[in-house]
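Chemist: Pasting a structure below so you can have a look.
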């Protein structure tokens, strides 16, 4: 089961009702790795707080500098793993270095719940080239490819319609995204929506229409 959002704190109260196990009993990890290279990290707090207020008590865990053995030891017993937003290329680089990319795929196949915000949702896709722009170039050079976790067969374009990202999207992202992602399904996701994935099926849920 996956719940992929632009901003998890905006939608968690909706999808938490769909988790069958009592959320207070979940062992849940919050992965803030993608935000480590951002100058301002205050925006990470609302996502973490949103999960906690919804009853999902998390512990912070960065995959940076970890080995595959560390990941397995520290996260192997988790019922839910949330991957938060930030720089998707930096996140992918650390995922490949640590083996988290392979680990998370195995865990999801075993039934571990995956939730994502922004970069954490994008990276669940087959490819992350949609996020390529000038601030990612330093990390792109270190990566052998732009293949994501391949947990789903579509690519999320998050924060659609958000005024915060308007300039970036209008002046660069939209055209570059379609150029880089030809042949892949792209879903434009606003901050009041999330994608619920169960088995081989998915649906876009808009909490404003519920």
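Chemist: Answer yes or no as to whether residue 171 is over 24 Å from residue 101 (Cα atoms), at pLDDT 90 or above and either surrounded by 12 or more Cβ atoms within 10 Å (Cβ to Cβ) or out of contact with any strand residue (DSSP E or B) (no Cβ under 7 Å at 6 or more places or on another chain) (or both).
Modeler: no
Chemist: While we're here: Output the residues belonging to the stretch 26-46 that are touching a residue at least 24 places away in the same chain (Cβ under 8 Å) and out of contact with any helix residue (DSSP H, G or I) (no Cβ under 8 Å at 6 or more places or on another chain).
Modeler: Residues satisfying the conditions are 26, 27, 38.
Chemist: Here's a check for you: in the stretch 15-41, which residue that is surrounded by 12 or more Cβ atoms within 10 Å (Cβ to Cβ) and part of a loop (DSSP other than H, G, I, E, B) is modelled with the lowest pLDDT?
Modeler: Only one residue fits best here, namely 41.
Chemist: Taking residue 44, is it closer than 24 Å to residue 151 by Cα, surrounded by 15 or more Cβ atoms within 10 Å (Cβ to Cβ) and touching a strand residue (DSSP E or B) at 6+ places or on another chain (Cβ under 7 Å)?
Modeler: No.
Chemist: Turning to a different aspect of this structure: Could you please tell me which pairs satisfy a Cβ distance under 7 Å, a separation of 6+ or placement on different chains, a first residue in the stretch 127-152 that is at positive phi, and a second residue that is surrounded by 18 or more Cβ atoms within 10 Å (Cβ to Cβ) and at pLDDT 85 or above?
Modeler: 150/126
The values are calculated or read from the model by the stated rules, or taken from the named source; none is laboratory data. Source: prediction; values computed, not measured. Ideal geometry is used to build each Cβ from the backbone, glycine not excepted, and the neighbour counts take in all protein chains shown.
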